[in-house]
1. Using only C-alpha atoms and all pairs of different ones, pull out the Kirkwood radius for region 165-221 in Å with one decimal.
2. Stretch Val30-Leu231 to full length: gain in nm at 0.36 nm per residue minus the Cα-Cα span?
3. Please find, in a Gaussian network model of the chain (springs between Cα atoms separated by less than 10 Å), the residue of Val211, Val15, Val223 whose mean-square fluctuation is greatest.
4. Along the Cα→Cβ direction, 7 angstrom out, place labels at Tyr10 and Ala77. What is the inter-label distance in nm?
5. Return, for the Cα atoms of region 121-209, the radius of gyration and Dmax in Å, separated by a comma.
6. With contacts defined as alpha carbon pairs under 8 Å and 6 or more residues apart, what's the relative contact order of the chain in percent?
7. Write out the GluC sites (Glu not before Pro) in region 168-237 meeting two conditions: DSSP loop, and at most 12 other Cβ atoms within 10 Å of their Cβ.
8. Where a ≥ b ≥ c are the square roots of the eigenvalues of the C-alpha gyration tensor, would you call region 150-191 rounded, which needs a/c under 1.5, or, failing that, prolate if a/b is larger than b/c, or oblate?
Amino acid sequence: MTVSGEAPPYSAAPVEVVRLPGGREESDRVAVEEPLEIRIEGRPVAVTMRTPGHDEELALGFCLSEGIPARGAAPPADLAANTVEVDAPGFDPAAAERRFYTSSSCGVCGKGALEAVAVEAPRVESDLRVPFDLLAGLPERLRAAQPAFAATGGLHATGLFSLGGQLLCLREDVGRHNAMDKVVGWAFLEGRLPLAEAILCVSGRLSFELVQKAAVAGCPILVAVGAPSSLAVELAADRGLTLCGFARDGRLNVYTEPWRVLA
């Protein structure tokens, strides 16, 4: 498969590796992982381990998915590295006394209870219907547009597609939830929310949090290469999302709201 574009220099770092068997020493590249501190009114509200790039989008997407009324993001006044300041005039610090800590493997790690990640999202009311073969082919289109993954083999991706299958936005990150936040943040900045006339596709498995973020963004269809978790299926059914997994080799499993998929 031919991948378009080159990996951004901030997404991959050089390392030395020994290839076995044979013991050859060679140069290689691995995905960059660094912390990002998200601030509101100068106060840290979250730290996430992410791949640098599109940090403002990441901060916005994270805040929106957590129910924080963000309207913009920018580098902080003190120009601190790996830090983004979010403009959220309606934010009430007293209502969010907990400190977020999200790891690159699981966005809900470190949060005290399930209630802490249960964000109110209206049920997705969409009459959208999409051909089966278009949905089944999205992961291949996503993979063909992942230059950083091609270079490192270590990044997740989220893609936003039009109803005709055109790739509107793709973001890569060591954290699958970060890649989704970056796309949601991009959509917010572009004035595209809610995503009632679009499709989200992710490169890995379907977790509860990815479904939550798609629901908050108002997207009716979420497609993945991998499998969903039980809680992801429950949440998708509750919020009216069409959840599709194992999209590969011309096949597709539809777990919820199958009427949106035209076979």
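1. Radius from the Kirkwood sum: 11.4 Å.
2. 69.2 nm
3. Evaluated over the chain, the most mobile residue of the options is Val15.
4. About 2.3 nm, to one decimal.
5. For region 121-209, the Cα radius of gyration and maximum Cα-Cα distance read 13.0, 39 Å.
6. This gives 19 percent for the chain.
7. Of the GluC sites (Glu not before Pro), the ones in loops of region 168-237 whose Cβ has at most 12 other Cβ atoms within 10 Å are Glu190.
8. Oblate, since a/c reaches 1.5 and b/c is not below a/b.
The values are calculated or read from the model by the stated rules, or taken from the named source; none is laboratory data. Predicted, not measured: the structure shown is a model, and the values here were computed from it. Quick reminder, even Gly has a Cβ in these numbers, built from the backbone with ideal geometry, and neighbours come from all protein chains shown. Keep in mind that these areas ignore ligands, DNA and RNA; they rest on the heavy atoms of the full protein, side chains included. Shrake-Rupley method; radii C 1.70, N 1.55, O 1.52, S 1.80 Å.
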